[in-house]
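Each remark here refers to the structure printed beneath this line.
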Amino acid sequence: MPQIRAAICHAFGQPLTVETVDLRAPGPGEVEVTLDACAICFSDISYIDGGWGGALPAVYGHEAAGRVSATGPGVVAYAPGDPVLVTLIRNCGTCTPCATGRPVLCATPPGGDCPLSWNGAPLAQGLNCGAFAERVVVQTSQLAPLPEGIPMDAAALLSCGVITGLGAAVNTARIRPGEVVTVIGAGGVGLNAIQGARLAGAARIIAVDMSADKLATAIEFGATDGVLATLPKPWTEAKRIAGRGADAVLVTVGAIPAYDTAPRFLAPGGRMVAVGMPHSGATSTYEPVLLAATGQSMTGSLMGDTVLARDIPWITDLYLQGRLKLDELISGRWSLDEINDAIADTRSGAARRNALIF
Ligand SMILES: [Zn+2]
Ligand SMILES: [Zn+2]
């Protein structure tokens, strides 16, 4: 069986170890992709920390791009050499969510045997990808073709952080021209929610973050204003700036206090969109009477409600036209052997996105 190098998580909360593992050939409906880049997402860190459980040992990593290096039986849409995104979105195409335009919620995602093994024992393919590795074998539905001319490290970001933020603004919140939008958290996902709100024509885009540096970055990505989350009542400052509450509040962080306070930024009739992913079991409180009394709503956005075939072409086109920032999202480039340092840098909160380059 072909061997590749991958970063394995043997125990939650422990450093990953880069080792040689076995990757079987692609089966029916599967494609092997030789990766050029994989960025580190906070979801990877939540798994590494044990925040969401799951089988061990495992290979995480799910924000990747590369070129097709082999195709399984029956695969006609891709050929060796094709540049592609690798995402965790795996869908059947025919169940009710898939047929109604929400493949991220697929009820019957296809899946075969796990393609990874280690010393003859099963090795879990974390987040359907296992992309902290030189190569992956994934389902065809997880891929999206890329245009030539897009750098692979920038493209990798599209696979999770960019579509999660952009999609939350455009697909889930359905922001319209002239609206007031508050984005809580100006990290990798938040900056893309800001870009989405800008593209959708929001009149005011108010970034809220604990860090003044991140607020400055948010302005570069299209926020009109920044409010420090450390203020006693940041929602009062946000309403003073916009002259009213927000039509949409997008919460892009995992910290529970952000969810507790997000509704306070809303105007009557406003909508709150939960985009970040707190650890399982974490709870937030809200006043139900306010929903009916103010006509407000709360909803969630998984992977930006993205439809890869619909959304990746326009997103990559905007990038190639210079209308969407991707390169500026990358704050560090690392080798696979440096993965624990890259994760520590991401964990520190200072980074935008750290990318592994293979
Ligand atoms: Zn992610
Ligand atoms: Zn489905």
query: Of all DSSP beta bridges located in the chain, what percent are antiparallel, nearest 5?
result: 55
field: Spin-label model distance (nm) - ALA293 vs ALA107, 7 Å beyond Cα toward Cβ
entry: 3.8
field: 5 angstrom amide H check on VAL18, placed H, neighbours 5+ away
entry: ILE8
message: Given the options SER301, CYS129, GLY245, identify the residue whose Cα lies farthest towards the positive end of the charge dipole of the chain (+1 on Cβ of Lys, Arg; -1 on Cβ of Asp, Glu).
response: GLY245
query: From the square roots a ≥ b ≥ c of the eigenvalues of the alpha-carbon gyration tensor of the range 197-296, which class results: rounded (a/c under 1.5), prolate (a/b over b/c), or oblate?
result: oblate
message: Tell me whether the range 79-141 comes out rounded, prolate or oblate; compute the Cα gyration tensor, take square roots of the eigenvalues as a ≥ b ≥ c, and use a/c under 1.5 as the rounded threshold.
response: oblate
task: Would you kindly calculate the mean projected area, averaged across all directions, of the convex hull enclosing the Cα atoms of the range 144-247, in square nanometres?
output: 6.9
statement: For GLY300, other-chain or 5+-apart residues with amide H closer than 5 Å (H placed, Pro excluded) are ALA274
field: Helical contribution to [θ] at 222 nm, DSSP H n ≥ 4, -39,500 (n - 2.57), averaged over the chain, rounded to 500
entry: -6500 deg cm²/dmol
Binned Cα-Cα distances of the range 293-358, short to long, each 5 Å bin given as a whole percent: 3, 13, 14, 14, 16, 18, 12, 5, 3, 1, 1
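Specify whether the C-alpha gyration tensor of the range 1-156 places it in the rounded, prolate or oblate class, a ≥ b ≥ c being the square roots of the eigenvalues: rounded for a/c under 1.5, otherwise prolate if a/b is larger than b/c and oblate if not.
rounded
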Two-site FRET efficiency, LEU231 against ALA203, from Cβ-Cβ distance with R₀ of 30 Å, rounded to 0.05: 0.85
- prompt: Over the alpha carbons of the chain, what is the largest minus smallest coordinate on each principal axis, giving the biggest first in Å?
  reply: 63, 39, 38
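Using the Kirkwood radius over C-alpha pairs as Rh, can you work out the diffusion coefficient of the range 1-80 via Stokes-Einstein at 25 °C, viscosity 0.890 mPa s, in µm² per second?
Rounded, D is 174 µm²/s.
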message: If neighbour count is taken as other Cβ atoms inside 10 Å, put MET272, MET277 in order from fewest to most.
response: MET277, MET272
message: Compute a Gaussian network model of the chain, connecting alpha carbons closer than 10 Å, and tell me which residue from ALA58, ALA309, ALA293 fluctuates the most.
response: ALA293
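Each value in this text was obtained by applying a stated rule to the coordinates, not by laboratory testing. All values derive from a computational prediction rather than experimental measurement. Every residue, glycine as well, gets a Cβ built from its backbone with ideal geometry; the counts of neighbours run over all protein chains shown.
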